[in-house]
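Before anything else, here's the structure in question.
The values are calculated or read from the model by the stated rules, or taken from the named source; none is laboratory data. Because the structure is predicted, anything quoted here is derived from the model rather than measured. Here the Cβ positions follow ideal geometry from the backbone for every residue, glycine too, while neighbour counts run over all protein chains shown.
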Amino acid sequence: MPPEPAVAPPSPGPDFTPWPDEFAARYRAAGHWTGETFGGFLRDRARTHADRTAVVDGRQRWTYAELDARADRLATGLHDLGIRRGDRVIVQLPNVAEFFEVIFALFRLGALPVFALPPHRRTEITYFAELTGAVGYVVADRHAGFDYRDLARQVRERLPGLQHVLVVGDPAEFTTLSDLATDGPLPGDTGPEPTTGPPTPGPAASDVAFLQLSGGSTGLPKLIPRTHDDYLYSVRASADICRLDTSSIYLCVLPVAHNFALSSPGVLGTLAAGGTVVLAPRPTPDVTFDLIEQEQATITALVPPLALLWLDAAAHRRPDLSSLRVLQVGGARLADEVAARVTPTLGCDLQQVFGMAEGLVNYTRFDDDPATVVATQGTPISPHDEIRIVDDADRDLPPGQTGHLLTRGPYTIRGYYRAAAHNTVAFTTDGFYRTGDLVRRTPTGHLIVEGRAKDQINRGGEKIAPEEVENHLLAHPQIFDVAVVGVPDAMLGERTCAVVIPRGEAPTAAAIRAFIRDRGIADFKIPDRVRFVDAFPHTGVGKTSRSELRRALALLMATGDPAPG
Ligand code: OOB
């Protein structure tokens, strides 16, 4: 175990709700929280696995020693720019090797990456920057036909305080990452090795390491503060559960900054075990099947719609996927019928993963019987994960009944970042996180996700808060009122439908979509369908009844939709 890094005073501000002392002591005593920081984590792996390949993308192939040295050089460059411990930096990168260079450089300084996803646009990035007071923004020059430097210009126009825009690739008027990396004395948390750098204290393992995004159910997404101690525990334990070792080759298909791909066990679990991370530029079978064969990938993770796509493509093309031992599927409910096709079609084990960026992650285990793997979403990572299944009044339900899942544990947050009011509803007074999921537990302790109580749409793993989209739509002059609801979809599980009461003459569906796109939000939040009605069904107290709307729309679609749009 690496020695403790220099411990600095706790991070400033009421941004983070710590675990009560008695819980922290329990998690330390159990050996879950080890005092390791991300800076030390990479240093330690670089020493043990120096010449092994850590990261591969379409352009580069770095060993652990190279990644470690790059992170050091970039940390020095960022420090020279003025980025310091506790500063927030938005990181919005596609699946490229530089993602690791950037995050480990920030970790070493004790600066906090704020993990945006590639589809986020002006409104979301501006919001993250404002909420966190970010001093920097790291983007790729272009990706998937989109120019992120344009986006950076738009965000900077609104927030001049966002001082540093750093670009992977052609920087235009900004700074390119490769110019920034400098040799020199290393500031901050370098891990166990003593350095000659200035005596800047590195982060403590109990500090917040980064901010993750929550799918959100009310208004804009919430930010999730994760500490070195808690996240590294989930990473190491996940790598163990998934039996990763130095021969593991993880193909990262999902966006690398999403919690599933990042840590379940994902890219960080792979690095924890000394394996190799291969980054896929796109998730489609045409790209990924070749990559599996070329790089001999042993494990990968998908959301259910991609699993469907892969199953279909594999049945037609018969690719050589013989190296693949495990396909993980999670992020949304995988239908049992689809789950049953994975092993016969792809020739690998299925592992279901039911997790959340707030913490709790469940896995089916490799020694579970096949029926359990197909029909359940697994069991929690930790013996210290506390699970309650309760009724609407928070009373524990008898075994086997479906109810609200509440959880608390060594890697589940106790509060969102700068969200005091929301925290009082999202957590119980004794610190359980209200997941918003409806689950049932089998006699063997496996969880089955039966549905959802939270007002959130799960569009094939991408989470949408209806209220956020409604707020944008309500700004349209020809929209009097609107409700955004999920409707069943064979491919995505759910799609979004905006049910609109027009003001005067109804705008076209295309005009509504163009309007909301112009407001600068991620494409996946743009309603798939638009329906016009004269009035909404109401609940007893006069609120719009979303369940009634959903039922009516589902019926309409099941009986043949006369006017798709
Ligand atoms: C993962 O994380 P998030 O934060 O994008 O979404 C969490 C929510 C859960 O509360 C649940 O509603 C849903 O996504 N979910 C599933 C599921 N996995 C996630 N619902 C049904 N079945 C599943 N297997 O999505 C995430 C984080 C880490 C690992 C895996 C997924």
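Tell me whether the stretch 485-495 contains one or more residues that are under 22 Å from the mean Cα position of the chain (by Cα), of a type in the set (Asp, Glu) and within 13 Å of the ligand (Cβ to nearest atom).
Yes, some residue in the stretch 485-495 is under 22 Å from the mean Cα position of the chain (by Cα), of a type in the set (Asp, Glu) and within 13 Å of the ligand (Cβ to nearest atom).
Output the residues belonging to the stretch 470-495 that are aliphatic (A, V, I, L, M) and not in a loop (DSSP other than H, G, I, E, B).
Listed by number, the residues that qualify are LEU473, ILE479, VAL482, ALA483, VAL484, VAL485, VAL487.
If you don't mind, another one. Restricting the search to the stretch 197-232, which residues are assigned to a helix (DSSP H, G or I) and charged (D, E, K, R)?
Matches in the stretch 197-232: ASP229, ASP230.
From (1) without any contact (Cβ under 8 Å) to a residue 24 or more places away in the chain; (2) not in a strand (DSSP E or B), pick out the condition that doesn't hold for GLU505.
Checking GLU505 against (1) without any contact (Cβ under 8 Å) to a residue 24 or more places away in the chain; (2) not in a strand (DSSP E or B), the one that fails is (1).
Which of the residues that make up the stretch 245-262 are more than 15 Å from the ligand (Cβ to nearest atom) and out of contact with any His (no Cβ under 8 Å at 6 or more places or on another chain)?
Those that are more than 15 Å from the ligand (Cβ to nearest atom) and out of contact with any His (no Cβ under 8 Å at 6 or more places or on another chain): ASP245, SER247, SER248, ILE249, LEU251.
Which residues, taken from the stretch 453-464, are surrounded by 20 or more Cβ atoms within 10 Å (Cβ to Cβ), within 10 Å of GLY216 (Cβ to Cβ) and more than 9 Å from the ligand (Cβ to nearest atom)?
ILE464
Determine which member of the set GLU467, GLU450 is within 15 Å of the ligand (Cβ to nearest atom), of a type in the set (Asp, Glu), within 30 Å of LEU405 (Cα to Cα) and not in a loop (DSSP other than H, G, I, E, B).
GLU450
So ARG341 fits all but one of (1) buried (at least 17 other Cβ atoms within 10 Å of the Cβ); (2) more than 14 Å from the ligand (Cβ to nearest atom); (3) closer than 20 Å to ASN458 by Cα; what number is the exception?
Exception for ARG341: condition (3).
Which of the following residues is loosely packed, with under 15 Cβ neighbours inside 10 Å and not small (Gly, Ala, Ser): ASP481, ASP523?
Result of the check over ASP481, ASP523: ASP523.
If the requirement is being crowded, with 23+ Cβ neighbours inside 10 Å, in contact with a Cys (Cβ under 8 Å, 6 or more places away or on another chain) and modelled with pLDDT of 95 or more, which of these qualifies: ALA297, ALA257, ALA261?
None of the others qualify; the one that does is ALA261.
Would you please name the residue that is nearest to the chain's Cα centre (by Cα), looking only at residues in the stretch 210-230 that are hydroxyl-bearing (Ser, Thr, Tyr) and more than 12 Å from the ligand (Cβ to nearest atom)?
The residue in question is THR227.
Next question, about the same structure. What number of residues in the stretch 263-286 are closer than 26 Å to ALA50 by Cβ and either among the hydrophobic types (A, V, I, L, M, F, W, C) or within 16 Å of the ligand (Cβ to nearest atom) (or both)?
14
Additional query: Could you check, for the stretch 309-319, whether at least one of its residues is closer than 24 Å to ILE448 by Cα, assigned to a loop (DSSP other than H, G, I, E, B) and either away from the ligand (no atom under 11 Å from the Cβ) or of a type outside the set (Lys, Arg) (or both)?
no
For the stretch 320-338, what are the residues that are surrounded by 18 or more Cβ atoms within 10 Å (Cβ to Cβ), within 13 Å of the ligand (Cβ to nearest atom) and either acidic (Asp, Glu) or assigned to a loop (DSSP other than H, G, I, E, B) (or both)?
GLY331, ALA332, ARG333, LEU334
Now, a different point. Any idea which of VAL390, VAL469, VAL439, VAL449 is farther than 25 Å from THR227 by Cβ and in contact with a helix residue (DSSP H, G or I) (Cβ under 7 Å, 6 or more places away or on another chain)?
Going through VAL390, VAL469, VAL439, VAL449 in turn, the sole match is VAL469.
May I ask you to list the residues in the stretch 209-246 that are within 19 Å of GLY40 (Cα to Cα) and either modelled with pLDDT under 95 or in contact with an Asp or Glu (Cβ under 7 Å, 6 or more places away or on another chain) (or both)?
Answer for the stretch 209-246, where residues must be within 19 Å of GLY40 (Cα to Cα) and either modelled with pLDDT under 95 or in contact with an Asp or Glu (Cβ under 7 Å, 6 or more places away or on another chain) (or both): THR227, HIS228, LEU232.
Does the stretch 344-358 hold any residues that are assigned to a strand (DSSP E or B), touching a Ser or Thr at 6+ places or on another chain (Cβ under 8 Å) and within 9 Å of the ligand (Cβ to nearest atom), and which are they?
Selection gives GLN352, VAL353, GLY355, MET356.
Continuing with the same structure: Only one of (1) small (Gly, Ala, Ser); (2) modelled with pLDDT under 95; (3) more than 30 Å from GLY355 (Cα to Cα) fails for GLY169. Which number is that?
The number of the failed condition is (2).
Also: Going through ASP368, ASP437, ASP392, ASP430 one at a time, which residue ends up being part of a loop (DSSP other than H, G, I, E, B) and within 16 Å of the ligand (Cβ to nearest atom)?
Step by step, each of ASP368, ASP437, ASP392, ASP430 is checked, and only ASP368 is part of a loop (DSSP other than H, G, I, E, B) and within 16 Å of the ligand (Cβ to nearest atom).
Taking VAL235, is it β-branched (Val, Ile, Thr), away from the ligand (no atom under 11 Å from the Cβ) and in a helix (DSSP H, G or I)?
yes
Let me ask something else. Enumerate the pairs (first residue in the stretch 366-388 and more than 18 Å from GLY431 (Cα to Cα); second residue anywhere and at pLDDT 95 or above and in a loop (DSSP other than H, G, I, E, B)) with beta-carbon separation below 6 Å, excluding pairs fewer than 6 apart on the same chain, so at least 6 apart or on different chains.
That search, which allows pairs on different chains as well, returns THR372/HIS446; VAL373/THR364; THR376/HIS446; GLY378/THR364; THR379/GLY445; THR379/HIS446.
For ARG513, only one of the following conditions fails: (1) more than 16 Å from the ligand (Cβ to nearest atom); (2) surrounded by 15 or more Cβ atoms within 10 Å (Cβ to Cβ); (3) in contact (Cβ under 8 Å) with a residue 24 or more places away in the chain. What is its number?
(3)
What helices (runs of 4 or more DSSP H), lying completely within the stretch 55-169, carry at least 1 residues that are among the charged types (D, E, K, R), within 23 Å of the chain's Cα centre (by Cα) and within 20 Å of ILE224 (Cβ to Cβ)?
122-132
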